[in-house]
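One structure is given below, encoded as structure tokens.
The values are calculated or read from the model by the stated rules, or taken from the named source; none is laboratory data. Computed from a prediction, not measured in an experiment: that's the story for all the values here. Heads up, the Cβs are rebuilt from the backbone with ideal geometry, glycines too, and the neighbour counts pull from every protein chain shown. In case anyone asks, the SASA skips ligands and DNA or RNA and just uses the protein heavy atoms, side chains included. Shrake-Rupley method; radii C 1.70, N 1.55, O 1.52, S 1.80 Å.
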Amino acid sequence: MGLLSLLVACSSPAGPNLLVISIDTLRADHLGAYGYDRPTSPNIDKLAMEGQRFTRMISPRGATRPALMTLQTSLPPVLHGVRQNSAIGREGLPTLAGLLTGQDYQTAAILANGGELPWPGFQEQHTVKRLPRDVATTADAITILEQAKPPFYVWVHLMAPHAPYDEHPGEADFRDPAYAGPIDGSSRSLLAGMSGNPAFTEADLDNIRARYDAEVAHADLQVGKLLAALDHTGHRKDTLVVLTADHGEQLGNPQPYLHHFASGYDAVLHVPLILAQPGRIPAGVATETVAIQDLAPTLAALLGVAAPSSWMGRDLRPAFSGGDLPDLAAISEVEGGALVATLNNWAYSRNPRNKGYEFAPIQNYQEAGLAGPPPVLRMPDRKLWQLDQDPSQLQPAESLPAEARLEEELRRFIERTGWPGTIDRVAVPAELQEQLRQLGYVEGSPR
Ligand SMILES: [Zn+2]
């Protein structure tokens, strides 16, 4: 071997690679790694054992594109401007992908549910529509991983846990075979129950949660394939792997709402976060309250790249490197009316104008053949919950110190961001609206 090739062989690879796997609508508490009693997530659980698991990661909004834009820009929706799935957002904001592209990373986004709107900073973006959607998305992502030249940033967004619920023959099935109720996994059967036409029974809710869990297991299978591909390419050791979600799913916690878009309850806001890179990220559990906006600065720091000053999130490395990450509430919004502050075991909602969100848009409601006015979900004003005692948020708690602390954090957030700002429904062409509908972006509609 010549000296030059020896030197090349000995030099460490340029920068760690980054693989971000986000799973649409994935509640943290339906994963084994987060204490769930069903075997929904063997591959994610293994990743969690190898890496750092954050026990309380909070989404800024129960909606796909707003939350994922926060992941990419480290800004809350009021500042990046994506309040709806059909919004493009403010132009020219520094993104994680743009930052890494500028550092000669190869960047690619492979999305099962990301619409056709651009994700700024990525050199490549593919929205996969072949079925089964997550299987096809994973296959495309593996092709990209196999061909990628380090350093790379590959973002894969899966969507199996998003309603409606498909069946996956031969895979995990948690349903009670004796169930004979009206739930069939379709949007119509879910919308009917949410609207009280007729109201869900406990057996219905069990069936819905079992279907959701099977979809979680289906997404987990794809995670296993992606990690196996990373092993196969020899890049597991030099790749930082991130597993997270855009938002969770209410699933009747509390009743009767199932979905995410209209809600600010913890079942919707609490998402998983696992960071793993053997030999580089210590295995462990971080219990600090963290937010999706913290991801970009943390990942940039782990890749040795300076974060733009506009990013609002925190570098989370102190949480797993023996440092101190001070308590800070994670702030989430629901439409333009309500805010929720989450800190440790407390959640506090403010909705001073009593604004609600029509959770079954009229068109879908009529299409589903349902009568009467569509239901509206309102987050309560000045309500506090103690999440470890009351995870479904059924009984408001009393703690003046907790309420005062979270009220103050909300005041500071509003002062800093100008929330609620303008709720900007960027007009998109009718054709694109239809694509968004088909991708599940209009709540209650088919994917
Ligand atoms: Zn989503």
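Brief remarks follow.
- Contact map, the stretch 286-306: residues that are open to solvent by 20 Å² or more (accessible area, probe 1.4 Å) paired with residues that are part of a strand (DSSP E or B), Cβ distance under 6 Å, separation 6+ or inter-chain. Pairs shown: T287/T55.
- S59 closer than 22 Å to P272 by Cα and away from the ligand (no atom under 13 Å from the Cβ): no
- In the stretch 307-329, of all residues being free of Cβ contacts under 8 Å to residues at least 24 places away in the same chain and closer than 25 Å to E407 by Cα, the one that is nearest to the chain's Cα centre (by Cα) corresponds to D315.
- Qualifying position, being more than 18 Å from R416 (Cβ to Cβ) and either open to solvent by 10 Å² or more (accessible area, probe 1.4 Å) or within 16 Å of the ligand (Cβ to nearest atom) (or both), among S41, S86: S86
Residue-by-condition table, conditions (1) closer than 20 Å to M312 by Cα; (2) in a loop (DSSP other than H, G, I, E, B); (3) free of Cβ contacts under 8 Å to residues at least 60 places away in the same chain:
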{"residue": "L75", "(1), (2), (3)": "yes, yes, no"}
{"residue": "S86", "(1), (2), (3)": "no, yes, no"}
{"residue": "R90", "(1), (2), (3)": "yes, yes, yes"}
{"residue": "L99", "(1), (2), (3)": "yes, no, no"}
{"residue": "I110", "(1), (2), (3)": "no, no, yes"}
{"residue": "G115", "(1), (2), (3)": "no, yes, no"}
{"residue": "R130", "(1), (2), (3)": "no, yes, yes"}
{"residue": "D134", "(1), (2), (3)": "no, no, no"}
{"residue": "I142", "(1), (2), (3)": "no, no, no"}
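- Only listed residue being within 30 Å of T143 (Cα to Cα) and open to solvent by 10 Å² or more (accessible area, probe 1.4 Å), chosen from L221, L226, L230: L221
Yes/no per residue for (1) within 16 Å of the ligand (Cβ to nearest atom); (2) part of a helix (DSSP H, G or I):
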site	(1), (2)
S189	no, yes
L205	no, yes
A219	yes, yes
E249	yes, no
A267	yes, yes
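- Taken together, A180, A192, A163 contain a single residue that is of a type in the set (G, A, S) and without any contact (Cβ under 8 Å) to a residue 40 or more places away in the chain, which is A180.
- Annotation: of all residues in the stretch 268-280 being out of contact with any Pro (no Cβ under 8 Å at 6 or more places or on another chain) and open to solvent by 10 Å² or more (accessible area, probe 1.4 Å), the one that is farthest from P391 (Cα to Cα) is G279.
- Checking each residue in the stretch 48-59 for being out of contact with any Gly (no Cβ under 9 Å at 6 or more places or on another chain) and open to solvent by less than 10 Å² (accessible area, probe 1.4 Å) picks out F54, M57, I58.
- Flag: P161 does not match the condition of being closer than 30 Å to Q147 by Cα, at pLDDT 95 or above and not in a loop (DSSP other than H, G, I, E, B).
- Take the conditions (1) at pLDDT 95 or above; (2) over 22 Å from A48 (Cβ atoms); (3) surrounded by fewer than 20 Cβ atoms within 10 Å (Cβ to Cβ); A199 misses just one of them, which is (1).
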